[in-house]
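Below is one structure, written out as structure tokens; comments come after it.
The values are calculated or read from the model by the stated rules, or taken from the named source; none is laboratory data. What you see is a predicted model, and the numbers here were worked out from it, not measured in a lab. Here Cβ is always computed from backbone atoms with ideal geometry, including for glycine, and neighbour counts include all displayed protein chains.
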Amino acid sequence: MPTNVIMPQLGESVVEGTLSRWLKQVGERVEEFEPIAEVTTDKVDTEIPSPASGILLAIYVAEGQTVERGTLLAVIGQPDERVEAMPSIVPAHAHEGAAAQTSAPSAEAQKSTAQRYSPVVARMAAEHGIDLTRIRGTGLGGRVTKKDVEAYLAAQAAQKQPASELAPWEQPGGGDLFKPTDEIFAAANAKQATPVSQPAITPIQPPTQPLPSAELSGTLVPHSTMRRAIAKHMVESKLHTAPHVTTVFEIDMTRVMAHWKANEAAFAAQGVRLTLTAYFVAAIVRAAQAQPTLNSRWTDDGLLVPNVVNVGMAVALNDGLIVPVIKNAQDLSLIGLARQVNDLATRARAKQLKPDDLQGGTITLTNHGVSGSLFATPIINQPQSAIVGTGAVTKRPVVITDADGNDVLAIRPMLYATLTFDHRVADGAIADAFMRVFKETLENWR
Amino acid sequence: MPEMTLIDAVRAAMDEELARDPRVFITGEDVGKRGGVFRATMGLYEKYGEKRIVDSPLAELSIVAIGIGAACAGLIPICEIQFADFIHPAFNQIVNEAAKMYYRSGGAWNVPLTIRAPYGGGIGGGLYHSQSVEAFFTHVPGLKVVIPSTPYDAKGLLKSAVRDPNPVLFFEPKKGYRSIKGEVPAGEYTVPIGKARVARQGNDVSVYAYGMMAHYAVQAAEQVAHEDGIQCDVIDLRTLLPIDKETILASFKKTGKALIVYEDNLTMGYGAEIAAILCSDGFEYMDAPIMRLGGPDVPAVPFSHPLQEAFMPNPHKIAAAIRQLAAY
């Protein structure tokens, strides 16, 4: 007989709580009184002990969801026991109504919770790019109703000023990694029209809540919207979408560094700050054209291989990360690329990117070397297939062979570059072929 | 503008049509000297004479069959079936002859026939004087089915029915014959067949009803507005066939929640078709399961008063259903 795990009353006059974290996953064994979930209310944060020993058979409330006391959270039972998709526990007020004979909502339909959405709610969410888990449902059992979505949109509209001309730019499932939510755009755009002093994105707040745990003192820093968006995209890409593989190449940057030194001033005279990023983008274009398989998007119907190379470049912000896209990078010279890099990075830091700046990427560059990192294994920016990571250029002693075939020790500016790719799309040989072109382009730069 | 009962409005429509067009005549049981059991034709026999207000034998098959023959021969009959419960002997004439005549004759013959029949329960009429029969006929292409709920619509729609070149079944909510009153213009006007009426406006729940239930729906809507702050759109369908999909869907797109009320027993009732339209054409606007409120699936409306009350939808039951839907 399965045992229901119910949202407890967490104190006097506390009638609802937010399920902040599941400590056990479906299928895991739990013992009676063992904590299985963490719950946050406006008054107290606590753990919910398991009411029985057994296997966690089903979870009905997602992390981050706020539910009323008495809501069914999970079911614990034996491995061979089966549970309904959503059994028992109908909120008391669902039973009112002495109809002669009514056909709907059926008892089954009334058991739906916030995790199931009506067609109109699903459509509005898609149209407006809304993450429905962010909306608190006021319907039966916490259902998100059409009115809840309308109220949410109205609240959003009240916040944004000139943002109304922005098309909803992020469709669920189709978004590029690192994209912030539409609110960030609204806020960023609003900043353009308002005094500079107003921050477009709420900076990380000073700690506001004491950490509840007795043995660990500290503070709880609330997540920013961008942080949540990044978290979601990272988990989606790495854990639910692409099997990641990383290959590492060592690249001699002597030619590039020489070219850079020789042209920096000339570029500056034309108003362009030349950076290594421009060279890396140029090398990615060459490599992507040689191995288009990695400049692609995986779809169930087949591999979508664009005939352009749109290179996303990760730009670190104080409170997160954003990836504007250099469109048609294959058509741009080094100075054109550098100009694009300057423009996008500047506007990214000023939070003045437009939705279009973030769309259409086919491959991504993360130049993590700017912060001193030697090499890294970044996460693929979905729905793309690969991401290039470039580390810091450091002078290292390397063995080179001179024209006469003699090995000599030399001091060279060296770079570790990585290609992290989706193993569904390609195998190591293709990835290495890509990186050979990338390496040769940089080493033979002229 | 004079205030009239529903039955007075029905009589006024027939009077005006009889006066307007000499081809119009009325036939049915006790429609002549007696003036009809509900007094729908009271005074017309005296005014228009026995050739135009014709008492019939106690045989519904022949009432309708005579109407069809007369219509084909160029007259405009109004056949009265004393209670809709008694229409069944004429089912073959209506479905096999009247509905199909125009189609089967390749457009050579048409049947401008109106069949009036009081329908519905709540009057202590028991098994044979309380039935709702509309769903049998709304399944039949070739027929039009009209159910007015107000005196204004009863007059305007009945005049349209008489003038319509097709067979029209005109069902009148008999419980409302004298209890429903409203302003009715004295002279000529018509209400088009095929258009529903928005009886009340609101954004929370759409309630679809017709006949007596349209009144109850408005009462229930006022009750929940007052007590719960729930605002309902109430759509009085008025014409059941052809269906006014446009008005039905416009309301649903606004509210996303639908309650369909009818006093027929629930299963395979008219509300099922409304629900199907909402599902197929309004799916992306749906915010709650579509809900129907009807009578239980028992063979007839019971004679016993408490059982009749249990059978019939009423404003209280409708309000409860609206609350349930609004909370979903």
Query raised in the report: Where residues in region A:223-252 are of a type in the set (S, T, N, Q) and in the same structural domain as A:PHE280 (by TED's automatic domain parsing), which of them is farthest from the chain's Cα centre (by Cα)?
Result: A:THR247
Requested in this report: Could you give me the residue pairs with C-beta distances under 7 Å whose first residue belongs to region A:130-148 and is away from every other protein chain (no Cβ under 13 Å), whose second residue is surrounded by fewer than 16 Cβ atoms within 10 Å (Cβ to Cβ) wherever it lies, and which are 6+ apart or on separate chains?
Outcome: A:THR133/A:ALA62; A:THR133/A:GLY64
Report summary line: Of the residues in region B:248-289, those that are at positive phi and touching a helix residue (DSSP H, G or I) at 6+ places or on another chain (Cβ under 6 Å) come to B:GLY256
Query - Residue check, A:THR420 over 16 Å from A:ARG297 (Cα atoms) and either at pLDDT 90 or above or in the same structural domain as A:GLY361 (by TED's automatic domain parsing) (or both) - result: no
Query raised in the report: What is the one condition in (1) of a type in the set (Asp, Glu); (2) within 27 Å of B:ASP297 (Cα to Cα); (3) away from chain A (no Cβ under 14 Å) that B:GLU222 does not satisfy?
Result: (2)
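Considering only helices (runs of 4 or more DSSP H) fully contained in region B:131-184, which possess at least 2 residues that are modelled with pLDDT under 95 and under 22 Å from B:ILE274 (Cβ atoms)?
So the answer is none; nothing clears 2.
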Query raised in the report: Could you count how many residues in region B:282-323 are touching a Lys or Arg at 6+ places or on another chain (Cβ under 7 Å) and in contact (Cβ under 8 Å) with a residue 12 or more places away in the chain?
Result: 5
**Report entry** Hits in region B:226-249 (condition: surrounded by fewer than 17 Cβ atoms within 10 Å (Cβ to Cβ) and hydrophobic (A, V, I, L, M, F, W, C))
**Finding:** B:LEU249
Query - Unique match (being out of contact with any Asp or Glu (no Cβ under 9 Å at 6 or more places or on another chain), modelled with pLDDT under 85, more than 14 Å from every other protein chain (Cβ to nearest Cβ) and buried (at least 16 other Cβ atoms within 10 Å of the Cβ)) among A:GLN161, A:GLN65 - result: A:GLN65
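Please report, ordered by residue number, the strands (runs of 3 or more DSSP E) entirely within region B:22-96 with at least 1 residues that are of a type in the set (Ser, Thr, Tyr) and in the same structural domain as B:ALA154 (by TED's automatic domain parsing).
Numbers: elements: B:24-28, B:53-55, B:76-80.
Filter on region B:22-96 gives B:24-28.
Table: residues versus (1) assigned to a helix (DSSP H, G or I); (2) free of Cβ contacts under 8 Å to residues at least 12 places away in the same chain; (3) more than 24 Å from A:LEU304 (Cβ to Cβ).
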{"site": "A:VAL388", "(1), (2), (3)": "no, no, no"}
{"site": "A:VAL398", "(1), (2), (3)": "no, no, yes"}
{"site": "A:ASP404", "(1), (2), (3)": "no, yes, yes"}
{"site": "A:MET414", "(1), (2), (3)": "no, no, yes"}
{"site": "A:PHE421", "(1), (2), (3)": "no, no, no"}
{"site": "A:ALA429", "(1), (2), (3)": "yes, yes, no"}
{"site": "A:TRP445", "(1), (2), (3)": "no, no, yes"}
Query raised in the report: Based on what the data block shows, is A:PHE267 surrounded by 14 or more Cβ atoms within 10 Å (Cβ to Cβ), more than 25 Å from the chain's Cα centre (by Cα) and of a type outside the set (A, V, I, L, M)?
Result: yes
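Hey, any hits in region B:57-71 for a residue that's over 21 Å from B:THR41 (Cα atoms), among the aliphatic types (A, V, I, L, M) and touching a helix residue (DSSP H, G or I) at 6+ places or on another chain (Cβ under 8 Å)?
no
Counting just the residues of region B:148-174 that are of a type in the set (Lys, Arg) and surrounded by fewer than 23 Cβ atoms within 10 Å (Cβ to Cβ), which one comes out farthest from B:GLY121 (Cα to Cα)? Lay out the reasoning, then the answer.
The first filter runs over region B:148-174 and keeps only residues of a type in the set (Lys, Arg), leaving B:155, B:159, B:163, B:174.
Filter once more, keeping what is surrounded by fewer than 23 Cβ atoms within 10 Å (Cβ to Cβ): B:159, B:163.
Working: B:LYS159: 25, B:ARG163: 29 Å.
Taking the candidates together, the pick is B:ARG163.
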Query raised in the report: Of the residues A:THR293, A:THR299, which is surrounded by 14 or more Cβ atoms within 10 Å (Cβ to Cβ) and at negative phi?
Result: A:THR293
Query - region B:311-328: number of residues that are more than 7 Å from chain A (Cβ to nearest Cβ) and closer than 30 Å to A:ASP148 by Cβ - result: 7
Requested in this report: Quickly run through region A:336-375 and pick out the residues that are within 23 Å of A:VAL425 (Cβ to Cβ), in contact with a Lys or Arg (Cβ under 8 Å, 6 or more places away or on another chain) and crowded, with 23+ Cβ neighbours inside 10 Å.
Outcome: A:LEU358, A:THR362
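Return a yes/no flag: does region B:246-258 have any residue that is under 23 Å from the mean Cα position of the chain (by Cα) and either over 26 Å from B:PRO141 (Cβ atoms) or within 11 Å of another protein chain (Cβ to nearest Cβ) (or both).
First pass over region B:246-258, keeping only residues under 23 Å from the mean Cα position of the chain (by Cα): B:246-252, B:258.
Imposing the further condition that a residue be either over 26 Å from B:PRO141 (Cβ atoms) or within 11 Å of another protein chain (Cβ to nearest Cβ) (or both) reduces the set to B:252, B:258.
The answer is yes, given that some residue of region B:246-258 is under 23 Å from the mean Cα position of the chain (by Cα) and either over 26 Å from B:PRO141 (Cβ atoms) or within 11 Å of another protein chain (Cβ to nearest Cβ) (or both).
Residue by residue, here is whether (1) aliphatic (A, V, I, L, M); (2) within 10 Å of chain A (Cβ to nearest Cβ); (3) within 19 Å of B:THR239 (Cα to Cα) holds:
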| residue | (1), (2), (3) |
| --- | --- |
| B:ALA272 | yes, yes, yes |
| B:ILE277 | yes, no, yes |
| B:PHE283 | no, yes, no |
| B:GLY294 | no, yes, yes |
| B:HIS305 | no, no, no |
| B:GLU309 | no, yes, no |
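Picking from B:ALA98, B:ALA108, which residue would you name as being surrounded by fewer than 24 Cβ atoms within 10 Å (Cβ to Cβ) and aliphatic (A, V, I, L, M)?
Numbers: B:ALA98 fails: surrounded by fewer than 24 Cβ atoms within 10 Å (Cβ to Cβ).
After ruling out the rest, the residue left standing is B:ALA108.
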Query raised in the report: In region B:272-301, how many are over 30 Å from A:ALA122 (Cβ atoms), buried (at least 19 other Cβ atoms within 10 Å of the Cβ) and not small (Gly, Ala, Ser)?
Result: 1
